[in-house]
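Asks: Below you will find the structure I want to go over with you.
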Amino acid sequence: MDNYINIALPKGRLGEKVYDMFERAGYPCPSIKENNRKLIFENPEKQVRYFWVKPSDVAIYVERGAADIGVAGKDILLEYEPDIYELLDLDLGKCRMAVAAKESFRDNTDKTLRVATKFVNITKKYYAGKSRDIDVVKLNGSIEIAPILGLSDVIVDIVETGTTLKENNLKVFETIVPISARLIANKSSYKFKADKITNIRAKLSEQVIKND
Amino acid sequence: MELKSEYMRTEEKVIFALRELYSKYGYAQFKMSKFEEYDLYVKNKDFLVSDSVITFNDTNGRLMALKPDVTLSIIKNSAETENVQKLYYNENVYRVSKNTHSFKEIMQTGLECIGSLDTYNICEVVTLAAKSLCAISENFVLDISHMGLISSVLDGIDVDIKKQILQYISEKNTHDLVALCEKENIDSSIIVALVNVSGTSEEIKQKLAAIPFGENSKDAIEEINTVADIITSLPENNKIHFDFSIVNDMNYYSGIVFKGYIEGIPTGILSGGRYDLLMSKMGKKTGAIGFAVYLDFLERFMEETKEYDTDILLLYNDTDRLSEVLKTVDTLTSQGSRVLAETSVPEGLKYKTLLRFE
C-alpha cells in the first residue's frame, strides 16, 4: 500500500477554491492547474493525490476509503449520513437549507403538506421533528418549478442568494440549517495516516481563521 | 486430514486463528440456531445496528426472526452463576446494508464474558480484541473509549440534544458541537477537550489529568487509568490508543468500549464494550463485556487474483478408457497440481499446461 494521501475534491468552483487552500497548506500539485480532462493528479514529492469527483459523491469516496479525506457540503453529509469524521468547517460555499414557497402561500396544518426536494432524508427528518405529515416529491433539479405548477406546496432546497427564488416569485419561509463546505476523513485512514491528516487539518484551520 | 492453507480463503484462515485464540484463553464455543423469537429484538430495538429484521412464522405460528445479532441471544440464554462465563461464537447474522438497502448475510465471530466482572476480565477482553486484530493483520489500531466517562460529561443534558452531541463526538466534529452547545447554553469546553484527547496507554493518564472533569467522572477515569496501566505491558500496546470519539449507545453500554481498524479496510471491523445496562434491561444482575469481529470485509482484503484457473487442463474423449483418465487425474493431483478434466477447452479458462489424454 502506498503512503499517498488521497484527496477527493468536488468538481467546480468550490473545489478549485478548496484546492488553493490545500496548496497553501503545503500540499501543492501543479499539474492540477493544467487545463485538461484528466481526473487524477499526483505529486510524488509531496505524496499527495487529488481527484475531481461529482460534489455529491465525495462523501461516498471517503466513506468507502477510495479517498482518505475530501471536502463535501454539509447538505450532502446531512442527506447521506456517511460514517466519517467531520474535521473542519471550511467556511466556504456558504448557503442554507430552507423551506420556500409561493409568496401567497399560507400553511394549512389540516392537510398533508406536499414537499418537493432533492434532499429527501433532510426533509423527512425536519418535518418528523415537527410531527408534520408530509408527502415528499423527489425531484432531481429545477425544484423551484414545483410549487408554481402545483406539484407541491413548498420546496426544501439550498438557498444561496435567493435570486432564483425571487425570479420565480418564491420566498423563504423557514431556514432548516446553515450549510458550508466541510473537511471529512475516512475513519480507518485517520488511524493510519493520522500525522498527515491532523497536519492538513491544522494548516487548513489556520486559513479559515484568516478568512474571518 | 491435512489442510493446505493455499486452498483456504482469507476469512476462513482468520476464523481458524480466532477459534484457536479464544479456545486457548478458556472460552467455550456457543453454537446457536439461526432463528430467534422476534420478540427479543422488539424489546431491544436500539441495540441492533439496523432496524430491519427478516421475520417469518414458525410452524406453530410464532413470529420468528433470522438473527440480526448474536449478543442478545447469548445473554438471554446465560445462566446467572457466581462464576464468570466465557463464550465465543462464529455465526452468520442478517442485517440491512445501508448502501444497498437490501439484506446481507454477515459472518461474525466474537466473544462474551458474562458474570461478576473484575478488572482482569476487562483487560483480558481488551487483550483478546487486540490479538484478534493482530491475527488478521499486523497493521491494526484498537481504539479504546469509556461510555461511563462520556455519560458523566453529558450528565443532565436533554435527551435529544445528548443524542446529537454524541453524534458530533463520534464524528470528531467540534465546530458543530460548539455551535450547538452555544445555542443550548451548555458549557462545551470539557466535551471538546474529551473529543480532542487521544494517546497511548502511557500518555493517556496525564492527558486526562489535565482536563478539569467533574466529581461524577472520577470512577470512570480511575477505571481508565487502571486498565491503561495494565495493558502497557502488552506486546500490542503500541497499537492500542485511547480515543474518546468512539461511542456506543449510552442506553446499553456503560464502561470501556472499543473499536478496531485494519489498514486497508475502510470501516471498523471489530466493535465491542461493556454492556451492563443491557444486562439489567434484560433482567440480569451481572455485568458483561464482549466484542464482535465482522469478517465480511476480509473478502476484499488481501485479495490475490489467481493467475490461472487451473494448473493442468486435461482433455479426453468419451471414447478413451475412462478408468485410465481417472487414474491420470489422480496421479497428477497427488503430485500437487490442480487438474481440470474436460472434453473441450472451456471458454475463457486460463490454464498453465494443456495435456491431451492418450
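The values are calculated or read from the model by the stated rules, or taken from the named source; none is laboratory data. Please read all numbers here as calculations on a predicted model, not as lab measurements. Neighbour counts are summed over all protein chains in view; Cβ atoms, including those assigned to glycine, are modelled from backbone coordinates with ideal geometry.
Residues are listed down the side, and each one gets a yes or a no for (1) more than 12 Å from chain A (Cβ to nearest Cβ); (2) β-branched (Val, Ile, Thr):
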residue: B:152; (1), (2): yes, no
residue: B:156; (1), (2): yes, no
residue: B:159; (1), (2): yes, yes
residue: B:168; (1), (2): no, no
residue: B:177; (1), (2): no, no
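Asks: Applying the selection to the range A:143-162, what residues are of a type in the set (Ser, Thr, Tyr) and more than 24 Å from residue A:180 (Cβ to Cβ)? Spell out the reasoning first.
Replies: Filtering the range A:143-162 down to residues of a type in the set (Ser, Thr, Tyr) leaves A:152, A:161.
Hit for the range A:143-162 is A:152, nothing else.
Condition check ((1) within 14 Å of chain A (Cβ to nearest Cβ); (2) touching a Ser or Thr at 6+ places or on another chain (Cβ under 6 Å)) across all residues:
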{"position": "B:164", "(1), (2)": "yes, no"}
{"position": "B:172", "(1), (2)": "yes, yes"}
{"position": "B:198", "(1), (2)": "yes, no"}
{"position": "B:206", "(1), (2)": "no, no"}
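Asks: What's the total number of residues in the range B:149-180 that are among the small types (Gly, Ala, Ser) and either surrounded by 22 or more Cβ atoms within 10 Å (Cβ to Cβ) or under 19 Å from residue A:198 (Cβ atoms) (or both)?
Replies: Looking only at that region, the number is 1.
Asks: Continuing with this model, one more query. Residue A:108 fails exactly one of the following numbered conditions: (1) more than 19 Å from the chain's Cα centre (by Cα); (2) buried (at least 21 other Cβ atoms within 10 Å of the Cβ). What is the number of that condition?
Replies: Of (1) more than 19 Å from the chain's Cα centre (by Cα); (2) buried (at least 21 other Cβ atoms within 10 Å of the Cβ), only one is false for residue A:108: (2).
Asks: If the requirement is being within 22 Å of residue B:171 (Cβ to Cβ), among the β-branched types (Val, Ile, Thr) and within 14 Å of chain A (Cβ to nearest Cβ), which of these qualifies: B:211, B:246?
Replies: Numbers: B:211 fails: within 14 Å of chain A (Cβ to nearest Cβ).
On inspection, the qualifying residue turns out to be B:246.
Asks: Just give me the residues in the range B:244-278 being buried (at least 23 other Cβ atoms within 10 Å of the Cβ) and of a type in the set (D, E, K, R), in sequence order.
Replies: B:259, B:274
Asks: Name the single residue, out of those in the range B:250-273 being small (Gly, Ala, Ser) and more than 16 Å from residue B:287 (Cβ to Cβ), that is farthest from the other protein chains (Cβ to nearest Cβ).
Replies: Selected residue: B:271.
Asks: Can you name the residue in the range B:122-140 that is in a helix (DSSP H, G or I) and of a type in the set (Gly, Ala, Ser) and, of all such residues, is farthest from the other protein chains (Cβ to nearest Cβ)?
Replies: Residue satisfying both the conditions and the ranking: B:135.
Asks: With of a type outside the set (A, V, I, L, M, F, W, C) and either free of Cβ contacts under 8 Å to residues at least 12 places away in the same chain or within 14 Å of chain B (Cβ to nearest Cβ) (or both) as the only criterion, which of A:103, A:45 stands out?
Replies: A:45
Asks: Next question, about the same structure. Within the range B:25-47, take every residue that is touching a Phe, Trp or Tyr at 6+ places or on another chain (Cβ under 7 Å) and within 16 Å of residue B:94 (Cβ to Cβ) and give me the one that is surrounded by the fewest Cβ atoms within 10 Å (Cβ to Cβ).
Replies: The first filter runs over the range B:25-47 and keeps only residues touching a Phe, Trp or Tyr at 6+ places or on another chain (Cβ under 7 Å), leaving B:27, B:29-30, B:32, B:47.
This time we only want the ones that are within 16 Å of residue B:94 (Cβ to Cβ), so: B:32, B:47.
Working: B:32: 14, B:47: 21.
Looking at residues that are touching a Phe, Trp or Tyr at 6+ places or on another chain (Cβ under 7 Å) and within 16 Å of residue B:94 (Cβ to Cβ), I get B:32.
Here's the yes/no breakdown for (1) modelled with pLDDT under 90; (2) assigned to a helix (DSSP H, G or I):
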{"residue": "B:13", "(1), (2)": "yes, yes"}
{"residue": "B:16", "(1), (2)": "no, yes"}
{"residue": "B:19", "(1), (2)": "no, yes"}
{"residue": "B:22", "(1), (2)": "no, yes"}
{"residue": "B:26", "(1), (2)": "no, no"}
{"residue": "B:40", "(1), (2)": "yes, yes"}
{"residue": "B:51", "(1), (2)": "yes, no"}
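Asks: For the range A:49-96, which positions are charged (D, E, K, R) and at the interface with another protein chain (Cβ under 8 Å from one of its Cβ atoms)?
Replies: A:63, A:64, A:83, A:86, A:89, listed by residue number.
Asks: For residue B:151, state whether it is closer than 23 Å to residue B:250 by Cβ and assigned to a strand (DSSP E or B). Walk me through how you get there before you give the answer.
Replies: Details: closer than 23 Å to residue B:250 by Cβ: yes; assigned to a strand (DSSP E or B): no.
No: the conditions fail for residue B:151.
Asks: Need at least 3 residues that are among the aliphatic types (A, V, I, L, M) per element, so show me which helices (runs of 4 or more DSSP H) inside the range A:159-212 make the cut, counting only ones lying wholly within it.
Replies: Once the helices (runs of 4 or more DSSP H) in the range A:159-212 are filtered for at least 3 residues that are among the aliphatic types (A, V, I, L, M), what remains is A:194-211.
This table checks each residue for (1) within 25 Å of residue B:265 (Cβ to Cβ); (2) aromatic (Phe, Trp, Tyr); (3) surrounded by 11 or more Cβ atoms within 10 Å (Cβ to Cβ).
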position	(1), (2), (3)
B:5	yes, no, no
B:18	yes, no, yes
B:49	yes, no, yes
B:82	no, no, no
B:97	yes, no, yes
B:108	yes, no, yes
B:111	yes, no, yes
